Every structure is written in structure tokens, then in C-alpha cells.
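Written out below as C-alpha cells is the structure these notes cover.
The values are calculated or read from the model by the stated rules, or taken from the named source; none is laboratory data. These figures come from a predicted structure and were not determined experimentally. Here Cβ is always computed from backbone atoms with ideal geometry, including for glycine, and neighbour counts include all displayed protein chains. Heavy atoms of the whole protein, side chains included, go into the accessibility calculation; ligands, DNA and RNA do not. Shrake-Rupley method; radii C 1.70, N 1.55, O 1.52, S 1.80 Å.
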Amino acid sequence: MATPSQLILTLIFFSASIPLLSSSPTPPFKKIYAFGDSFTDTGNTKSATGPSGFGHVSNPPYGDTFFHRPTNRYSDGRLMIDFVAESLSLPFLPPYLHLKQGDEKHGVNFAVAGSTAINHGFFVMNNLSLAFTPQSIQTQILWFNQFLQKNGCQGSVDSSPACRELMEDSLIWVGEIGVNDYAYITGSSVTSDTVRKLAISTVTTFLQELLKKGVKSIVVQGLPPTGCLPLAMTLAPEDDRDDMGCVKSVNNQTMVHNIVYKAKLEDLKREFPNATITYLDFWNAYSTVVKNPRGYGFKEPFKACCGSGDPPYNFAVFNVCGMPSAKACRNPSQYINWDGVHLTEGMYKVLTNMFLNGTYSQPPFDSLLH
């Protein structure tokens, strides 16, 4: 029997800007390169190969709040990476698979919804047919390498003027990655311990490859408390709850993952002392909002804004946002969750501010600006 923690994300895959960071009189970065999954993807999914399990994001009401049309972002509007770009006076990042000439001047987004940390072949080998998306973090580093080579960078920042031009003033943003790995082991004999070890090992290797290229500023997100998502709460038994009212088994799994992940990042800091690696504490930032939603402007901590209408979370697995019969709430900014899995623009805005200007970055984000 699959546990709720294994099922999470298997079946789906305020309009004001964040203030410009005031620590520097000029924008500290000229470009951003982003990696991750659906929490960071700004449009690569549309061209990604594989089944169309994520196709509903191309339908209204996705994108309605800010863009007034679907943009293949998994939200009603902007994502965290969009707010980060705005805060640094940079344009929104173009998705790698839709690059046009000149688009890459201020960075590129390589994130793909449904991406895993572990190579897709692992899931195929274990007959995990629910692994919708063939892309992984390894795919994204291959794309990044292809992008660099196409622009004349064959080595590292220290060995090539072309590499310096592309990477010297860049911020590397690694959004959360790993939630889908746990989802894809549904019904199998693969344990969450195995997934955690393989996922963190793979992401560590990915980060090492970036650091060996000479990048100096990397932001890495931990996993959020996925037990607080409507999908998890719908699937889990009601007695599986923690002190936040979220699914305890799922949150415990995520918490352990983050503890091990942070320890690996400390190893990387020692291995690459000339780089700044900033950990964004997604878990505690999100949890802080859930524990006091009204203090952050939210009325609905658990119910999805866009969904089927089914109680208690406005969510049903086979009638999700973007389908003809699903409807969106009138005030998405009052909701933490958008579609049962992903977050509203309002929540992404709050979290971005907590990371960039609050106490949920370790070390503080300001350390990247000097």
C-alpha cells in the first residue's frame, strides 16, 4: 500500500512587487540561471517530452492574477523566481526550451515541472510507470552545458573570457527539487530512505559541477512542508496530523530530507570556500505562515483556491484546476494554495520577502550582494 508521502504530487504534476534590495546602489547581479521543478518552471513544461499529465497548466485560470493568461507557470501569477528577478531589477527569466535570440542576456530558466533529482532511468528500471516527466536535474545541467557551449564557454570562469561573461555576475538559483522523487515510488518496494540518499547525492554532484565552473553565488532551496498541501491532506487519514494540522508522515519525511541536505551543503561550503552557498529554509518559512496565516494576509491556509469544489479542501484528484468543471476563488491573494499542489502568487510573494529580506536565508541573502 502506498503511503500519503509516496502519493504526494504523483497525480498532478498581491500584485505588488518585492522591494528592490537596498543593500547595493546598483543591481548586484546581471543575470540569473534557475533550476528546479514546477515551483520554479516558467514555461519549459510546454515543450518537455513525455505524457501530458501537466497539460492543464496551459488552460485558464492559470496566470489570471498577473499575466491575465496562462504562461505555463503553476500558479495564478508570478512565482518566487519572478519576484527575485524583479527585486534585482532583472526581467523575468525565459524558459530554456523557448529561447529566442537575445533572450538570454539576463539569464535562463532550466527548471521543468515534474523534474526529479534522481535520473529518470532509475524510475523506469523500477517499473514506476507514474513517473510522468523524463527530465531530471541531470537533464537541466546538460541543457546548461549546451547553453554555455553554444555561447562560447567550454571551461570555467577562470579559464575562458566567454565563461566569465556568462557566469561572473550571475546568481544561480536552485529551487526545491526532490518532492517528485518521493511521489514516483508509489506502490513500489523502493523506500523513502533510498530516494533520500540517491536524490541528495545527485543534487550534491549537480552543485559540485556548477561550483567547479567557478560560479560564486548559489541559492539552494530546501523542501517545503509538503504535508500541508491539499493533495496530501486529502489522501492521508485524518489521524495522520501534526501540530500544524498537516500530514505528519509526509512532513516528517520532508524534514529528514532537509536535515541531511543541509549537512551536505555544509560540506560543499568547506570544499568551495570562495563561493557563497545560501540555503533558503522553505520548511520553516512556509510553516511560519501556516501557523499564523492572518498575520500574512491569508484567510485560507489549506483550502485550494482553484479546484473542484469538493470539501474540505476544494480539491479532487480527478477534477483539478484547469479542467472545465474546476473553478477559481475570487481572491487568490487570500489563499496560500492555488491548485492543491502549487502556491498562489500571494504566497510566493510572502515567501520571497521572507527569504530576501527576512531571517530564513542561511547565511542572509545580503551576503550575496557584496
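For the peptides 224-233, 271-280, the ranking by packing is 224-233, 271-280, with the highest mean count of neighbouring Cβ atoms within 10 Å listed first.
The residues of region 75-118 expose on average 28 square angstrom of accessible surface per residue, using a 1.4 Å probe on protein heavy atoms. When the pairs Lys31/Lys269; Lys213/Lys349; Lys303/Lys349; Lys213/Lys264 are compared against a 26 Å limit on Cα-Cα distance, Lys213/Lys349 fall above it.
Here the label points at Leu142 and Ser58, each 7 Å from Cα along the C-beta direction, are separated by 2.3 nm in the simple model.
Binning the alpha carbon pair distances of region 91-247 at 10 angstrom intervals from zero yields the distribution 10, 33, 31, 18, 7, 1, expressed in whole percent.
Match the structure shown to one of the listed values (1) 39; (2) 51; (3) 23 of percent of Cα pairs over 33 Å apart, computed from it, and give that label. For percent of Cα pairs over 33 Å apart, the calculated option is (3). If R0 is taken as 35 Å, the Cβ-Cβ distance between Lys262 and Asn126 corresponds to a FRET efficiency of 0.80.
Per-residue ellipticity at 222 nm from helix content only, as computed over the chain with -39500 (n - 2.57) for each DSSP H run of at least four residues, stands at -9500 deg cm²/dmol. Placing unit charges on the Cβ atoms of the charged side chains and taking the dipole of the chain about its Cα centre, the candidate lying farthest along the positive direction among Gly152, Val195, Phe67 is Gly152. Relative to one another, the C-alpha centroids of region 219-234 and region 292-370 are positioned 11 Å apart. Basic side chains Lys and Arg get +1 at the Cβ, acidic Asp and Glu get -1 at the Cβ, and with that the dipole of the chain about its Cα centre reaches some 420 debye.
Between the beta carbons of Asp366 and Asp103, assuming R0 = 35 Å, the FRET efficiency works out to 0.75 to the nearest 0.05. Computed about its Cα centre, the charge dipole of region 164-307 is approximately 200 debye, with only Lys, Arg, Asp and Glu carrying charge at their Cβ.
Taking a point 7 angstrom from the Cα of Asp169 along the C-beta vector, which residues in region 76-106 have backbone N less than 20 Å away? Counting only backbone N, you get 84-94, 102-106. Along region 192-206 the Karplus relation, 6.51 cos²θ - 1.76 cosθ + 1.60 evaluated at θ = phi - 60°, assigns HN-Hα couplings of 5, 4, 4, 4, 4, 5, 5, 5, 5, 4, 5, 5, 4, 4, 4 Hz to successive residues, with x for each Gly and Pro.
The stretch between Arg330 and Ser159 holds 56.2 nm of extra length on full extension. This uses 0.36 nm per residue minus the Cα-Cα distance.
Per-peptide packing, taken as the mean over residues of other Cβ atoms within 10 Å, places 299-305, 289-295, 81-87 in the sequence 81-87, 299-305, 289-295 from highest down.
Debye-formula intensities of region 267-343, expressed as log10 I(q)/I(0) at q = 0.14 Å⁻¹, are -0.56 (one equal scatterer per alpha-carbon, no solvent).
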